[in-house]
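Written below as structure tokens is the structure these notes are about.
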Amino acid sequence: MDEYLSGLTTEEINEKTQTIDECSTEQMLRMMNEQDALVPAAVGAEIPQIVKAVDILHQVLRNGGRMLYVGAGSSGRLGVLDASECPPTFGIDPMLVQGHIAGGDGALRTAVEGFEDNAEEGVALIERCGVTAKDAVIGITASGSAQFVIACLKKAKEIGAATIGVVNNKNSKLVAVTDVCIAPVVGPEVIMGSTRLKAGTAQKLVLNMLTTGTMVKLGKTYNNLMVDMKASNIKLYDRSVRIIRIATGVDESTAIAHLEKASMNCKLAIMMIKTGMEVKEAIDALEQCEGSLKRAIRTFQKVV
């Protein structure tokens, strides 16, 4: 038996759920819910590490670098999920935040668990992605033992990229290959070793913080409004109009007129309304303020 694996919290038996196969449906679900309720506190305990990670990611993206999630199995799928939501939410280039899973995109639908042990493929992925010292690589693995993830992080670190680990055990193998290691320990799973449960939930909460915190610091929101999203369908068009109205206090027809004048750019429409600027002038003002709508309004509103 692998001594490392046998010593992991995520591989222990949960004494509180040992009778789960004897429970009624309601008892079983309440048992799961009680265990899930432990997750937020475990994540909260890691906020000091998450702060360090967000500050690193902010600087990386601000300086023209990229974020790359790498993971295997459930952890890899969560990374791909978080990365894929960033372009529609924050209006960024899809290459800016990337999600990669051991075994490639086919592993998103069909489990190919053996790939997590392939260190060579981890190295090859970092090379294929052209990772440089400007980038950041975030490795996600509940156990901290996935060789694919460790190899990705080790190779990235050798190149000079920032490295961040998201793991669900303390003192894992990720510590040695990361600049920051985030380790919310949620205790043994409801079903022994099924880390898609509490560990996966904790990972999702951490990834939410990493991307959302980074994008907020990059000026991708105005207050808590996602002003950089793309109005690419009916729902998002309607949301854009509502966001413009909330941010500026104008009526619907005025919001629609400015959104169309701004080529469906919600942030630009708000800038124009708030400052009285025309399109090009508003674009230039936003660029001068590194895309921060609030800073641009505060800087240029006085010239109206």
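List the residues of the range 255-293 whose backbone N lies under 20 Å from a point placed 7 Å from the Cα of Ile246 along the Cα-to-Cβ direction.
Within reach of a label on Ile246, which here means backbone N under 20 Å from a point 7 Å along Cα→Cβ, the range 255-293 contributes 255-260, 264-275, 292-293.
So, for the range 1-152, what is the accessible surface per residue at a probe of 1.4 Å, expressed in square angstrom? Could the numbers behind the result be given before it?
Working: 7680 Å² over 152 residues.
I get 50 Å² per residue for the range 1-152.
Which is the longest stretch in the chain that no exposed loop site breaks, taking sites as GluC sites (Glu not before Pro) with a DSSP loop state and at most 13 other Cβ atoms within 10 Å?
Working: sites that count: Glu278, Glu290.
Looking at the chain, 1-277 is the longest stretch - no exposed GluC sites (Glu not before Pro) with at most 13 other Cβ atoms within 10 Å.
Take the alpha carbon atoms of the range 187-220, find their center, do the same for the range 154-172, and report the distance between the two centers in whole angstrom.
Going from one Cα centre to the other spans 16 Å.
Could you check how much of the accessible area of the chain is carbon and sulfur, as a whole percent, using a 1.4 Å probe? Working shown, then result.
Details: 7730 of 14710 Å².
Carbon and sulfur atoms account for 53 percent of the accessible area of the chain.
Heavy-atom accessible area per residue, the range 154-304, 1.4 Å probe: how many Å²?
On the way: 7030 Å² over 151 residues.
In whole numbers, the range 154-304 has 47 Å² accessible per residue.
Considering only Ala124, Met264, Ser75, whose Cα is most displaced toward the positive end of the charge dipole of the chain, charges sitting on Cβ of Lys, Arg (+1) and Asp, Glu (-1)?
Met264
Quick one: putting +1 on the C-beta of Lys and Arg, -1 on the C-beta of Asp and Glu, what dipole do you get for the range 168-304 around its Cα centre, in Debye to the nearest 20?
Working: 20 positive and 12 negative charges, 90 e Å.
So the magnitude is around 440 debye.
Going Cα to Cα from Lys198, which lysines come in below 22 Å? Please leave out same-chain ones fewer than 8 positions away.
Lys16, Lys170, Lys173
Of the listed values (1) 21.9, 67; (2) 22.1, 72; (3) 17.7, 57, grab the one calculated as Rg and Dmax of the Cα atoms in Å from the structure here.
(2)
Restricting to Cα pairs below 8 Å that are 6+ residues apart, what does the relative contact order work out to for the chain? Please round to a whole percent.
18
Can you tell me the dipole magnitude for the range 94-243 around its Cα centre, using point charges on the Cβ only (Lys, Arg +1; Asp, Glu -1), in Debye to the nearest 20?
Working: 17 positive and 13 negative charges, 132 e Å.
In debye, rounded to 20, the range 94-243 gives about 640.
Using unit Cβ charges (K, R positive; D, E negative) and no other charged atoms, how large, in debye to the nearest 20, is the dipole of the range 1-120 about its Cα centre? Numbers along the way, then the final one.
On the way: 7 positive and 20 negative charges, 149 e Å.
About 720 debye.
Report the percentage of all Cα-Cα pairs in the range 1-129 whose separation exceeds 19 Å, rounded to a whole percent.
Working: 5596 of 8256 pairs.
Cα-Cα pairs in the range 1-129 separated by more than 19 Å: 68 percent.
Compute the distance in nm between two label points, each set 7 Å from the Cα along the Cα-to-Cβ direction, one at Glu3 and one at Ala176.
My value for the distance between the label points is 1.3 nm.
Calculate the FRET efficiency for Glu22 and Ala45 from the Cβ-Cβ distance with a Förster distance of 41 Å, rounded to the nearest 0.05.
Computed FRET efficiency for Glu22 and Ala45 comes out at 0.80.
With unit charges on the beta carbons (Lys and Arg positive, Asp and Glu negative) and the dipole taken about the Cα centre of the range 211-254, which residue among Leu218, Ile234, Gly249 sits farthest to the positive side?
In the range 211-254, that residue is Leu218.
The values are calculated or read from the model by the stated rules, or taken from the named source; none is laboratory data. Because the structure is predicted, anything quoted here is derived from the model rather than measured. Because the Cβ atoms are built from the backbone with ideal geometry, glycine has one as well, and the counts that use them run over all protein chains shown. Surface areas here come from the heavy atoms of the whole protein model, side chains and all, with no ligands, DNA or RNA. Shrake-Rupley method; radii C 1.70, N 1.55, O 1.52, S 1.80 Å.
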